[in-house]
Structure formats: structure tokens, C-alpha cells
Amino acid sequence: MDGKVLAITGGASGIGLAIAEAALAEGWRAAVADRDEAALERARGALDPARSAFAALDVTDEEAVERWVAGLAASGRLAGAVAAAGIAANVPALDTPADLFRRILEVNLTGSFLLARAAGRAMRDAGGGAILLIASVSGLRGAKGRAAYGASKAAVINLAQVMALELAPNGIRVNALCPGPVETPLVARVHGPETRAQWLRHLPMRRYAAPEEITPMALFLLDERKSGYLTGQAIAVDGGYAGSGLMPPTN
Ligand SMILES: NC(=O)c1ccc[n+]([C@@H]2O[C@H](COP(=O)([O-])OP(=O)(O)OC[C@H]3O[C@@H](n4cnc5c(N)ncnc54)[C@H](O)[C@@H]3O)[C@@H](O)[C@H]2O)c1
């Protein structure tokens, strides 16, 4: 692919797909990877086929991630990478099976690491780039039911800080974006009516975000001209959630 290439894992749905769409509008080429082949087919129909590429892969498969990123680096200028593949569960800590805990860390944390490491190596050889890890406000604050998910996202934030300082000499910036609740298929699965009501009570803006409200910050963090001195940060786009304390009454 000609031009700047943006690699996006979890790019076939929700926030990742919205980032792919916005990136195409800003002149990037989008390389979308996802393990859900049906969602990939739908994404193929939604994104400009001349400037997009699609790959079926599981981000926990080290070899597959390495192969995919190496292929992108060989065929174009890999200037950006977004780790958006993620899974969630809403289970109290005492009821969380170890297998579920391990699986959530494997996808959200190890999967993000594998993409960031592969992209970082390719960008180091190409003279720089930007890596964006999609974390969550659940990695900034403790929230009920988020023992595994929150731990995975807090670790993703620290991973971004570590990689930011190690890769700064190579011209590679690494940041974490921490969305609040966003209307995506993941949230439709995990947020039942009670969870949704609890979120709405604790959000200063009293509403969930649309994926398109997360993408401007993602594109900003990927753009060397706009955020060239910004690295190692965890930025919340969350309707005021992470900064809130005692709330005014709802009526
Ligand atoms: N929606 C929210 O409220 C919210 C809030 C904060 C953070 N996030 C994070 O944003 C990211 C995107 O979430 P979303 O809400 O758009 O969810 P989504 O389910 O719409 O999209 C996630 C995509 O990741 C893919 N995926 C999952 N596991 C994978 C794996 N092992 N390998 C490859 N692909 C895999 C899924 O197939 C899916 O297409 C996730 O990391 C999520 O934790 C979401």
C-alpha cells in the first residue's frame, strides 16, 4: 500500500473500526486485523477497498502478529499502530474464574504488547512512528465487576509508559487512550440495564459516547504534526468520569 499505513487490531468493530474510518478520511491507509471474520467482511464493505487491507488474526498469536506487521512494513510505511482488540467481562472479583482472568489479560494486555513490540521494531527500523494502546477508564479507577478487565487496562497504561521511554530515542511515541463507556457491540454485550443505570448516575455528561467521539483524540495522538512532543500519556475521553467526585442530583 502506498502512503502512511496505520495498523489497527480489533479494527473490524466498534472503536477500532471508527478509528479506521477516521484514519482513511485523514489520508492514512488502514490495515485492519481482527479475529472475527464475519465482522471483517462487514468492515471490508464499509471501508474504501483501494486504501484498506484486511487480515484475520488473533492478537494472542505471537507468530501471526509478527507476520502481519512484517508484511505491512515490507509493503508500505508503517507510521502508526493501534491496539484496539479487547474483550471484557462484568464479574465480581470473588466470582472470577482464573481462566477468565487469564484470558482477559492475554487478549487485552499480551495482545497489546505483541502488536506494540512488532510495530515498535518495524518503526525503529523505519525511523519513527506512533503507537496507541486503547486502555479504558477502568484502568484508571476501580469499578465493580472489573477485576480482570481493570487490571488488564491499568497494565496497558503502564506498558505505554514503559515503551514510551524506551522508544523515544527511536522517534516512536507511545500513548494510551482511556475511553469511558462507548456504544459498541462490546458494551451491548457487557452492560445490562443495571450497569448502564449505574454508569449514567456517575457520568458528569450523563450519557455514553459514540465511537466517533473517541476517534478525534486517537487521530490526534497518531499525528506527528499535532502531538509530536506528547508521549507516555494516558488520556481519558470519558464524559468527565475520571475527574468526578460528589455528583449533583440528576433532576
Ligand atoms: N466500548 C467501551 O465502552 C470501551 C470503553 C473503554 C475501552 N474500550 C476498549 O476499546 C477497545 C475496542 O472495544 P469496542 O468497545 O470497540 O469493542 P468491539 O467488541 O466492538 O470491538 C473489539 C474488536 O476486537 C476484536 N477482538 C477481540 N479479541 C480479539 C483477539 N484475540 N484477536 C483479534 N481481535 C480480537 C473483536 O472481534 C472485535 O471486532 C477494547 O480494547 C475495549 O476494551 C471500550
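Derivation of every value follows stated rules applied to the coordinates shown; laboratory data play no part. Quick caveat: nothing in here was measured; it's all calculated off a predicted structure. A quick note on method: Cβ atoms are made from the backbone with ideal geometry, for glycine too, and the neighbour counts reach across all protein chains shown.
Show me the three semi-axes of the equivalent ellipsoid for the range 200-251, from the C-alpha gyration tensor (sqrt of 5 times each eigenvalue), largest first, rounded to whole Å.
Details: eigenvalues 158, 33, 8 Å².
Calculated on Cα positions only, the semi-axes equal 28, 13, 6 Å.
So how many Å³ per residue does the convex hull of the Cα atoms of the range 107-251 work out to? Working shown, then result.
Details: hull volume 17.0 nm³, N = 145.
Looking at the range 107-251, the number lands at 117 Å³ per residue.
If the cut-off is a Cα-Cα distance under 19 Å, which lysines reach Lys144, setting aside same-chain residues fewer than 8 apart in sequence?
Candidates past the 8-residue exclusion: Lys153.
Counting only C-alpha contacts under 8 Å and six or more residues apart, can you give the relative contact order of the chain as a whole percent?
Working: 506 pairs, mean separation 48.2, N = 251.
Computed value for the chain: 19 percent relative contact order.
List the aspartates and glutamates whose alpha-carbon lies under 16 Å from that of Lys226, not counting same-chain residues fewer than 8 positions away?
Glu26
What residues qualify as long-range amide H neighbours of Ala176, i.e. H under 5 Å apart, gap of 5 or more or another chain, H built at 1.01 Å from N?
Result for Ala176 returns Leu133, Gln233, Ala234, Ile235.
How far is helix 14-25 tilted off the main Cα axis of the chain, in degrees rounded to 10, range 0 to 90?
Around 40 degrees separate the two axes.
Give me log10 I(q)/I(0) at q = 0.21, 0.25, 0.30 Å⁻¹ for the range 168-220, Debye formula, one equal scatterer per alpha-carbon, no solvent.
Log10 I(q)/I(0), no solvent term: -0.83, -1.03, -1.24.
For the chain, what is the mean residue ellipticity at 222 nm derived from helices alone (per DSSP H run of n ≥ 4: -39500 (n - 2.57); sum divided by total residues; nearest 500 deg cm²/dmol)? Could the numbers behind the result be given before it?
Numbers: 10 runs with 108 residues, N = 251.
Here the helix-only value at 222 nm equals -13000 deg cm²/dmol.
How much length is gained on full extension from Ala197 to Glu62, taking 0.36 nm per residue of separation minus their Cα-Cα distance? Could the numbers behind the result be given before it?
Details: separation 135, 0.36 × 135 = 48.60 nm, distance 3.87 nm.
Contour length minus the Cα-Cα distance gives 44.7 nm.
Quick one: P(r) of the chain from all Cα-Cα pairs, 10 Å bins, percents rounded to integers, in order of increasing distance.
Percent of Cα pairs in each bin: 8, 33, 37, 18, 4, 0.
Please give the net charge around Trp199, taking every other residue with its beta carbon less than 13 angstrom from that of Trp199, where Lys and Arg add +1 and Asp and Glu add -1. Mind showing how you got there, number by number?
Values: positive: Arg141, Lys144, Arg146, Arg196, Arg201, Arg206, Arg207; negative: Glu183, Glu194, Asp238.
Spelling it out: positives minus negatives among the neighbours equals +4.
What are the equivalent ellipsoid semi-axes of the range 42-167, built from the alpha-carbon gyration tensor (square roots of five times its eigenvalues), in whole angstrom, biggest first?
On the way: eigenvalues 160, 60, 32 Å².
Here the semi-axes work out to 28, 17, 13 Å.
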